[in-house]
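Working notes for the structure below.
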Amino acid sequence: GSADGKTRFRYKGTIPQEVLSAHCSVSLIAKVFRCLFWTGFAVYIVAAAVLLGLRYWILPNIDQWRPRIEAYASEALGARVQIGHLRANWRGLNPSLRLTSLVVYDPNNEPVLTLPTVSAVLGWRSVLVLSPRLLSLRVDDPELWVRRDATDHLWVAGQSIDLNTSADDEHGRSPLVR
């Protein structure tokens, strides 16, 4: 025995090669699983932090992002977009947005599309494809201006559609109808 009351043994032989190789492969598998576990755990923590930040920091303060959202929408449409108020919340598993007083203007600064209220629910696939995917979209009382000019162009919400162009010819048509 020893001073602490435990019996210690000392092995003075050689360890067979089969035992060493089995121990090394088990050790390698354990290291791989340990690495996968910690990587998965780190991804989970980062995803949780992003979702919590989105839910409790960005969504409640989304109206402060309104100028950037207006600029992005204006660039995408090729027309000035103005949003009166923007509100977001999180119910269940999906975030929802509510826009009020959304107006799209033509190049003469005349309103061509007015949407008093727009409600949308974003789907989870939006995160996977890094692009908004809507589960639902509701537009209340839209006002859309449509006019036809002397050159046989139809103007819908400030976008020109050449009525003289065939359906196969995309040159001269609005990006909204291509």
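Quick notes on this one:
- Listed values for the stretch 30-37 are Karplus-derived 3J(HN,Hα) couplings in whole Hz (6.51 cos²θ - 1.76 cosθ + 1.60, θ = phi - 60°), namely 4, 5, 5, 5, 5, 5, 4, 4, and x replaces Gly and Pro.
- C-alpha center-to-center spacing [the stretch 51-96, the stretch 108-144] in angstrom: 11 Å
Values in this text are rule-based calculations from the coordinates and carry no lab data. Remember, predicted model here, so these are calculated numbers, not experimental data.
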